[in-house]
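Input: a single structure, listed below in structure tokens.
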Amino acid sequence: MDFSFSEEQLAAVEAARAVFSGVAPDAVPSPALTAGAVAEDFDRPLWRRLASADLLGLVLDEAYGGAGLDPVALCLVLREAGAVLARVPLLETCAAALAVQADGPEELRARLLPAVGRGDLVLTVASAGRTGHDGAELAVTARPADGGLQGNAHTNGDGAPRDWLLDGVQTAVPWAPYADHVLVPASAARGRTVIAVVPREAVTAAEQISTSGERHAELRLDAVRVPAGDVITADGAWDRLRRLLTTGTCALALGLGGAVLRMTGTYTSRREQFGHPLATFQAVAVQSADRYIDLRAMEVTCWQAAWRLDPADVAVAKIWASEGVRRVVQTAQHLHGGFGADTDYPLHRYHAWAKQLELSLGPAAAHEEELGDLLAAEA
């Protein structure tokens with residue numbers, strides 16, 4: 001079998017590298033020196049360049065102005081974004097758009113997706129739930145407006161609701177202060193999970209600051225009314241979206257880890273001790289080799305997950321991404337010595353972003369438990 005990337009996927013990588021080539025990871029204040037957010041907005045000029053390069057519509061069908069590529073292509077672009085700590089809601093917007101395209105009503109697709117590809121619309125996903133430990137779909141309940149009784153003014157003729165009411169709390173919603181719409185998973189009757197596309201101004205938001213210094217938000221929904229046409233009710237839609245978000249997080253961690261390993265290699269090759277470069281010392285070489293193995297494992301599991309989006313493959317990829325990126329940045333800090341903690345040197349920023357990615361969508365332990373459940377059910 002041919003496991004190489006297609007020409008279209010490689011073209012997306014080249015376009016992404018061209019766009020991200022001018023991004024400076026330390027273009028905003030250091031999160032270590034800033035009490036609040038590192039910036040009031042995300043990188044809007046970079047967002048416009050991504051739109052001009054047709055990278056925001058990468059996974060959208062041609063009917064909506066997109067390129068019609070697959071999640072592998074998106075993860076390839078996300079890897080390049082992670083390498084430079086790109087401050088844009090690329091993962092959340094593209095994953096949300098793909099969910100709308102795959103499972104949303106046609107009117108919703110026509111209204112949102114062309115604007116996403118042009119860069120005119122920012123989407124995000126409430127994926128952390130109330131505590132960050134329980135399923136996000138458990139943090140909000142969805143019920144038909146006015147009970148959803150047959151013949152009610154807020155129901156269709158068959159009794160299906162025309163409007164939904166959402167109640168609950170979602171915490172640590174990434175990029176929420178800038179989003180036009182938030183995709184909110186919610187528990188409905190009979191164990192169903194729906195995804196409501198909620199306008200940002202319809203919810204109450206309290207600012208939260210992430211480990212990387214970016215603005216997140218806690219969203220409170222108190223009987224927020226959402227039209228049925230803005231609610232995705234397809235079976236498995238939330239599971240598919242969450243797996244895509246998790247896999248994209250693995251791709252960001254892969255790009256970040258690769259950049260840190262290259263940074264460490266450059267430093268240890270130039271830094272001398274006892275008249276010899278640090279890289280020539282056996283202890284340094286062995287630690288660097290171990291981290292290289294971590295990155296290769298992160299890479300192969302990431303592409304497997306992006307290709308299949310199978311629950312077990314995604315769990316394995318996130319286990320490696322969480323553990324691997326943590327080990328890479330910790331070893332880099334150790335081999336850099338005092339430079340690793342110097343706020344004039346970019347490594348500490350990568351460490352903060354790595355910790356954010358390690359815990360996003362669940363740490364390794366959570367996915368190990370999920371994988372165990374999957375294997376037990378398979379047996």
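The values are calculated or read from the model by the stated rules, or taken from the named source; none is laboratory data. Since we're looking at a predicted model, the values are computed, not measured. Positions of Cβ are backbone-derived with ideal geometry, glycine not excepted, and every protein chain shown enters the neighbour counts. Note: accessible area is taken over every heavy atom of the protein model, side chains too, but ligands, DNA and RNA are not part of it. Shrake-Rupley method; radii C 1.70, N 1.55, O 1.52, S 1.80 Å.
In the range 63-92, the residues that are without any contact (Cβ under 8 Å) to a residue 24 or more places away in the chain reach residues that are assigned to a helix (DSSP H, G or I) and acidic (Asp, Glu) with C-beta atoms within less than 7 angstrom, at least six apart or across chains, in these pairs: Gly68/Glu62.
Residues in the range 332-344 include none that are of a type in the set (S, T, N, Q), surrounded by 15 or more Cβ atoms within 10 Å (Cβ to Cβ) and touching a residue at least 40 places away in the same chain (Cβ under 8 Å). Scanning the range 214-230 for residues that are under 16 Å from Thr204 (Cβ atoms) and either surrounded by fewer than 17 Cβ atoms within 10 Å (Cβ to Cβ) or of a type in the set (Gly, Ala, Ser) (or both) gives Ala217, Arg220, Asp222, Ala223, Arg225.
Every condition in (1) at pLDDT 95 or above; (2) open to solvent by 30 Å² or more (accessible area, probe 1.4 Å); (3) more than 26 Å from Ala172 (Cα to Cα) holds for Gly258 except the one numbered (2). Taken as a whole, the condition of being exposed (fewer than 15 other Cβ atoms within 10 Å of the Cβ), among the acidic types (Asp, Glu) and more than 22 Å from Thr247 (Cβ to Cβ) applies to Asp290. Residues in the range 198-256 that are of a type in the set (S, T, N, Q) and either free of Cβ contacts under 8 Å to residues at least 40 places away in the same chain or touching a Leu at 6+ places or on another chain (Cβ under 7 Å) (or both): Thr204, Gln208, Thr246, Thr247, Thr249.
Every residue in the range 262-281 that is aromatic (Phe, Trp, Tyr) and in contact (Cβ under 8 Å) with a residue 12 or more places away in the chain, please.
The first filter runs over the range 262-281 and keeps only residues aromatic (Phe, Trp, Tyr), leaving 267, 274, 281.
If the condition is that a residue be aromatic (Phe, Trp, Tyr) and in contact (Cβ under 8 Å) with a residue 12 or more places away in the chain, then Tyr267 is the only one that fits.
Looking at Val300, Val316, Val284, just one residue is without any contact (Cβ under 8 Å) to a residue 60 or more places away in the chain and either open to solvent by 70 Å² or more (accessible area, probe 1.4 Å) or polar (S, T, N, Q) (or both), and that residue is Val300. Can you pull out every residue in the range 67-81 that is in contact with a Phe, Trp or Tyr (Cβ under 8 Å, 6 or more places away or on another chain) and either open to solvent by less than 10 Å² (accessible area, probe 1.4 Å) or at pLDDT below 95 (or both)? Matches in the range 67-81: Cys75, Leu76, Ala81.
Criterion applied to Ala259, Ala179, Ala189 was being in contact with a Phe, Trp or Tyr (Cβ under 8 Å, 6 or more places away or on another chain) and touching a residue at least 40 places away in the same chain (Cβ under 8 Å), and the one residue passing it is Ala259. Filtered by the rule that a residue be surrounded by 21 or more Cβ atoms within 10 Å (Cβ to Cβ) and over 19 Å from Ala32 (Cα atoms), the range 319-331 gives Ile319, Trp320, Ala321, Ser322, Gly324, Val325, Val328. For the range 6-25, the set of residues classified as more than 20 Å from Leu60 (Cβ to Cβ) and surrounded by 14 or more Cβ atoms within 10 Å (Cβ to Cβ) consists of Phe20, Val23, Pro25, listed by residue number.
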